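Take a look at the structure below.
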Amino acid sequence: MKIVAAMSGGVDSAVAAARMVDAGHEVVGVHLALSSNPQKYRSGARGCCTIEDSHDARRAADVIGIPFYIWDMAEEFHDGVVENFMAEYAIGRTPNPCLRCNEKIKFAAVMERAKALGFDGVATGHYAQMRETELGRVMYRAVDPSKDQSYVLAVLNTDQLAGAHFPLGDIVKDDVRKEAKARGLYVANKPDSHDICFVPSGDNAGWLRDRLGSDVGPIVDEDGKKLGEHKGAYTYTIGQRKGLGITVPAAGGEPRYVLKIEPKTNTVVVGNHDSLAVSGIVGERAIWCGPVPAESTEYRGFAQIRAHGAPLACTYSHDGGNITVALDEPIYGLATGQGLVIYDGDRVVGSATVCATE
Amino acid sequence: MSIYLDHAATVPMVDEAAAALTAQMRVVGNASSLHSDGRAVRKAVEDARLSISELIGCEASEIIFTGTGTEADNLAIKGFYWNAVAANPSRNIILSSAIEHHAVKDPIEWLVEHDGARSIEIPVLADGVIDLNFLRDYVEAHRDSIALISVMHSNNEIGAVQPVAEVVAIAGEIPVHTDAVQSLGKIDFNFAKLGVTAATISSHKVGGPLGVAALILKRGLDITPVTHGGGQERDVRSGTFNAPSIVAFAEAAKVALTKRDLEFKRISELRDYAAKEILQAIPDASLNGAAGLPGILNISFPNTESEALLLLLDSEGISASAGSACSAGVARPSHVLLALGRSEEEAMSSLRFSLGTTTTQQDIERLVEVLPSVVSRARAAFSVKK
């Protein structure tokens, strides 16, 4: 097959590209320029987007012996990911931009462009497995549980997954580094990335404050009693305990947690730990990564609500657009906007965006 | 085997140059040393200097070898500017064409940002040739404030040959520098006849090795150096003589100039054939700039992106180049095409094919054969993006 290998400049995507070549595919390396104003040098734990990273990607492609191009997707990334990130925070949600990037950029804009140019699919260094089963081509968790990235890929529909290739799904990270070294890819020792790539400082709150303003507003308890003031509601996260700056102690001396963010009134609601408990989740904008489960039917499975969160045993059902989840055990702290991913064992069933909790 | 249509970027080294290079590399001696080993190497360097001077119509002592064409351009732009403002601080205007190579454009911008220079760009007409009327009027009005004029001998992206002799006539006493990197070995270039104050030539564009170039600088004129050290090249440029590369440069220039007129005809015909066939097969494609240099063919393909075209051509084994410039690794519209009055979109959809001594009729036929499907595929990718 003719494959575009997305190459960030990191070790995973470099090894993924090399593995696609080994598998006999005709591979072209593509580095996505996602920032219109890239920084020259990598700093901290950002895994892409600097000029240094694009040089690393090019060097890796040269070592592997494949053509290499830079595709300018800065505009698409800004419109599809960064704008959405801000808009979601502005309405009090906590979005995951990596999910959005996979859905709108890597396996949409890039995939479409690749297909138009005559390629059959896109390979990335994500840790997940595509398997041909009696259910069709479906996605499973990676064998390395500590690196499994099926969560951030669960926003891909079956059409997108049909052209997606994840050559690292059956290998653990340590072995990827060893393999990179053996292949002469000097990115072997490059640190993993984990920050949001377009927030170079890693200071999400500051980044949001700069863009959405920092209107002071009340911090209230569940009864609406004002306890203090905040500096910009969207810089708080549900379940956050530190940095609230509340001087009025709670009755009983229990610590307080952020329960809710109400952007319309610019209010942050805090309360005790028990009030964070969630046992029912509703997710909107359902996306199915394989066969669509029958509507209005209850299934047993697992829900995951964070990239490296634990699988939570649950019963789920859907009505076409929304997925409703009843957790066996309550969890504490879940924000709207987070990705809700449903698993059947290790198989990814689908995903939705959390819109309500109880 | 790839079909190499990027001769304006660099050309294959000719056998004569490779032989001279490898032979000289085995000879020990610093050309500045006074012992016999040093003298032998110095003789080889000076023989090469003389040989090049005869080929381009200058005196041997007018050749200042540099590491690259970019270095020679920097030396000329900064050197003349610093000379001018040292004599008269208000003489700080640098006139240059709007289509200069970055090796000229960027040192000027640097002088503007850091050293008080004012930059005036001479616009080009639709065929890619500078507007001499603009130049005449401007020089007449500001003669005493102009530090130097730099107009390339021919353009690397569109091949347009510039009226440098006319520029010299208009300039009078004002120093004129010309970047002749693309012209050497391809079209007539004679330093004395042209009358410029300085010119840049480069080895790897004529079949010599990388890492050597020259600024031809009128005798008796010394400009402020950029690098300081041993003063090997007329105290204007310092650094150990790169004897092997200098010797090979001379060999390559000899070969290129010997074949020049025949190759001009052959390559021009191939270029014209390619242009005709491509425009016939892709009727909405359009040429950028008038024919000048024999091998350069710059074409816009509406509703495509040059990077997609390049990817597809590369997969067909054809090496060409984009009509765009890389800025931070990302394609941006070329300032040359914008100066011609092309829109950003047109500039971003352009390709430069540059033919050279290794180009054959079969190469062009293969290009003409694959280009229509490459363009239609690139159009599909373009429509996805819209």
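When Lys and Arg each count +1 and Asp and Glu each count -1, what net charge do the other residues less than 9 Å away from B:S321, Cβ to Cβ, add up to? Once positives and negatives cancel, what remains is -1.
Computed over chain B, the alpha-carbon pair-distance distribution with 10 angstrom bins reads 5, 23, 30, 25, 13, 3, 0, each value a whole percent.
Comparing B:V112, B:V176, B:V247 in a Gaussian network model of chain B, where Cα atoms under 10 Å apart are tied by springs, the biggest mean-square fluctuation is seen for B:V112. Where a Cα-Cα gap under 20 Å defines reach, which lysines qualify for B:K254, not counting those fewer than 8 residues away within the same chain? Cα-Cα hits under 20 Å: B:K43, B:K186, B:K193, B:K205, B:K265. Here's how it looks for A:G350: its modeled amide H is under 5 Å from those of A:C289, A:I342, which are all 5 or more places away or on a different chain. Peptides B:198-210, B:308-320, A:289-301, B:372-384 ranked from most to least packed give B:198-210, B:308-320, B:372-384, A:289-301, packing being the mean of other C-beta atoms within 10 angstrom over each peptide's residues.
When the Cα positions of B:S183, B:S61, B:F264 are compared along the charge dipole of chain B, B:S61 comes out farthest toward the positive end, with charges on each C-beta of Lys, Arg, Asp and Glu. Each part gets one Cα centre, and for the range A:318-358 versus the range B:271-289 those centres are 58 Å apart. Fewest-first ordering of A:H55, A:H165, B:H177 by other beta carbons within 10 Å of each residue's beta carbon gives A:H55, A:H165, B:H177. Placing +1 on each Lys and Arg Cβ and -1 on each Asp and Glu Cβ, with no other charges, gives the protein assembly as shown a dipole about its Cα centre of roughly 1040 debye. The convex hull of the Cα atoms of the protein assembly as shown, projected and averaged over all directions, covers 39.4 nm². Counting only Cα atoms, the size of the range A:137-287 along its three principal axes is 61, 34, 33 Å, in decreasing order. Structure remark: mean-square fluctuation, Gaussian network model of chain A, C-alpha springs under 10 Å; the largest value among A:P167, A:P95, A:P311 belongs to A:P311. Taking the number of Cβ atoms within 10 Å of each Cβ as an exposure proxy, the fewest-first ranking of A:L117, B:L217, A:L244, B:L287 is B:L287, A:L244, A:L117, B:L217. Axis angle, to the nearest 10 degrees, between helix B:15-25 and the longest C-alpha principal axis of chain B: 40 degrees. Residues A:V349, B:V139 in ascending order of nearby Cβ atoms (within 10 Å, fewest first): B:V139, A:V349. Taking Cβ atoms as reference points and 11 Å as the exclusive limit, the residues near B:E263 contribute a net charge of +3, counting Lys and Arg as +1 and Asp and Glu as -1. Using only alpha carbon pairs under 8 Å that are at least six residues apart, calculate the relative contact order of chain B and give it in whole percent. Across chain B, relative contact order equals 22 percent. Neighbours of B:R352 by Cβ distance under 14 Å: Lys/Arg scored +1, Asp/Glu scored -1, total -2. With a Förster radius of 30 Å applied to the beta-carbon distance between B:E140 and B:A87, the computed FRET efficiency rounds to 0.90.
Each reported figure results from applying straightforward, stated rules to the coordinates on display, with no laboratory input. Computed from a predicted model, the values in this text were never measured in an experiment. Neighbour counts are summed over all protein chains in view; Cβ atoms, including those assigned to glycine, are modelled from backbone coordinates with ideal geometry.
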